[in-house]
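The values are calculated or read from the model by the stated rules, or taken from the named source; none is laboratory data. Keep in mind it's a predicted model, so treat the numbers as computed, not measured. Note: ideal-geometry Cβ built from the backbone for every residue, glycine included; neighbour counts use all protein chains shown. Heads up: the accessible areas ignore ligands, DNA and RNA and are worked out on the full protein's heavy atoms, side chains in. Shrake-Rupley method; radii C 1.70, N 1.55, O 1.52, S 1.80 Å.
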Amino acid sequence: MATIKVPATVPSPAEDCDQLRKAFQGWGTNERLIISILAHRTAAQRRAIRATYAETYGEELLKSLEDEISGDFERAVLLWTLDPADRDAQLANEALRGWNPSNRVLIEIACTRNSSELFDVRRAYHLRYKRSLEEDVAKHTTGDFRKLLVPLVSSYRYEGIEVSGKLVKSEAKMLHEKITEKAYSHEELIRIFTTRSKAQLIATINHYKNEYGKPINKDLKSDHKNEFLAALRAIIRCTFCPERYLEKVIRLAIKGLGTDENSLTRIITTRAEVDLKAIEAAYYKRNSVPLKQAIKGDTSGDYKAMLTALLGHDDA
């Protein structure tokens with residue numbers, strides 16, 4: 001499912017640090033050398049490189065990278081080099097500081113990470129910002145979004161496959177009643193969406209379709225301009241088929257005249273070690289174009305080289 005390619009024989013962290021230091025020295029930065037190392041190391045290996053670099057040179061690797069590279073390439077390299085939980089904490093904080101109702105980053109993080117990963121994100125957030133993630137979500141959001149997002153980022157969902165058939169029927173009925181009443185922010189509806197396990201929620205949503213003759217997401221499209229309904233639909237899509245949801249984020253990022261580099265960078269760097277191969281397959285199925293080709297046609301230079309390397313290709 002991951003796309004990154006790690007060499008069969010990986011140099012020691014000390015050797016990698018020595019090569020990175022050489023990439024920073026001289027008249028110009030050797031960006032391709034940076035890519036050849038960092039884009040081909042796992043999270044654990046990158047963590048070891050950062051620790052060794054700080055011990056050897058008395059400087060944080062991220063700081064050295066900030067001094068040497070810039071632009072979209074810099075953001076891609078820095079996000080990739082971070083530990084996954086720390087990266088998600090940074091992305092969550094950025095989303096909150098510039099939050100608006102159409103922002104789906106918090107939903108993306110909360111619903112495509114498992115409970116242990118989300119717990120690690122909350123811990124990393126606390127260490128980095130000296131505040132809890134829940135505290136900042138409550139501070140930066142309002143109204144129905146606050147009611148939805150605070151429990152969404154703070155819940156610790158059951159990860160097993162067991163499903164209660166009794167709950168499936170009663171909660172599908174509850175969802176149908178509240179949606180019919182247009183009580184979209186009712187506490188029971190929010191409770192179901194934010195606390196039930198993935199297996200339980202999927203079973204409930206499937207039962208909803210079978211019982212009431214229409215997918216729940218269609219019933220949640222009564223008002224296309226309602227961002228809260230769009231947020232509920234995003235939760236369902238992220239739960240049901242995260243690779244299709246993330247494919248859409250990438251598709252929209254590179255569609256049209258301009259590129260949404262932030263969204264493109266976020267998905268590639270956060271999923272390259274997880275399920276980017278499945279996202280690639282979903283992209284090809286939806287667009288009949290390989291994701292690598294689409295990215296190469298919409299990006300350039302070292303930024304393009306970094307993203308395609310994370311996709312498992314070094315011929316950018």
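Worth pointing out:
- Every condition in (1) at pLDDT below 95; (2) of a type outside the set (Val, Ile, Thr); (3) surrounded by fewer than 18 Cβ atoms within 10 Å (Cβ to Cβ) holds for Ala316 except the one numbered (3).
- Pairs meeting the criteria (first residue in the stretch 270-290 and in the same structural domain as Val249 (by the TED database), second residue of a type in the set (Phe, Trp, Tyr), beta carbons under 7 Å, at least 6 apart or on different chains) are Pro290/Tyr284.
- Residue match in the stretch 181-198 (condition: open to solvent by 40 Å² or more (accessible area, probe 1.4 Å) and hydrophobic (A, V, I, L, M, F, W, C)): no
- From the options Ala54, Ala39, Ala89, residue that is in contact with a Phe, Trp or Tyr (Cβ under 8 Å, 6 or more places away or on another chain) and under 18 Å from Gln19 (Cα atoms): Ala39
- Among the residues of the stretch 111-137, those that are more than 27 Å from Gln200 (Cα to Cα) and among the small types (Gly, Ala, Ser) comprise Ala124, Ser132.
- Screening Asp72 on (1) among the acidic types (Asp, Glu); (2) within 27 Å of Thr299 (Cα to Cα); (3) in contact with a helix residue (DSSP H, G or I) (Cβ under 6 Å, 6 or more places away or on another chain); (4) surrounded by fewer than 16 Cβ atoms within 10 Å (Cβ to Cβ) shows it passes everything except condition (4).
- Those residues of the stretch 5-63 which are charged (D, E, K, R) and more than 30 Å from Asp275 (Cβ to Cβ), in sequence order: Glu15, Asp18, Arg21, Lys22, Glu55, Glu59, Lys63
- Only listed residue being over 26 Å from Glu247 (Cα atoms) and either in a helix (DSSP H, G or I) or open to solvent by less than 30 Å² (accessible area, probe 1.4 Å) (or both), chosen from Lys169, Lys218, Lys209: Lys169
- Residues (crowded, with 16+ Cβ neighbours inside 10 Å and polar (S, T, N, Q)) located in the stretch 42-65: Gln45, Thr52, Ser64
- The stretch 102-134, residues that are out of contact with any Ser or Thr (no Cβ under 6 Å at 6 or more places or on another chain), open to solvent by 50 Å² or more (accessible area, probe 1.4 Å) and within 18 Å of Asp86 (Cβ to Cβ): Asn114, Ser116, Glu117, Phe119, Asp120, Arg123, Leu127, Arg128, Lys130, Arg131
- Criterion applied to Ala85, Ala95 was being in a helix (DSSP H, G or I) and free of Cβ contacts under 8 Å to residues at least 12 places away in the same chain, and the one residue passing it is Ala95.
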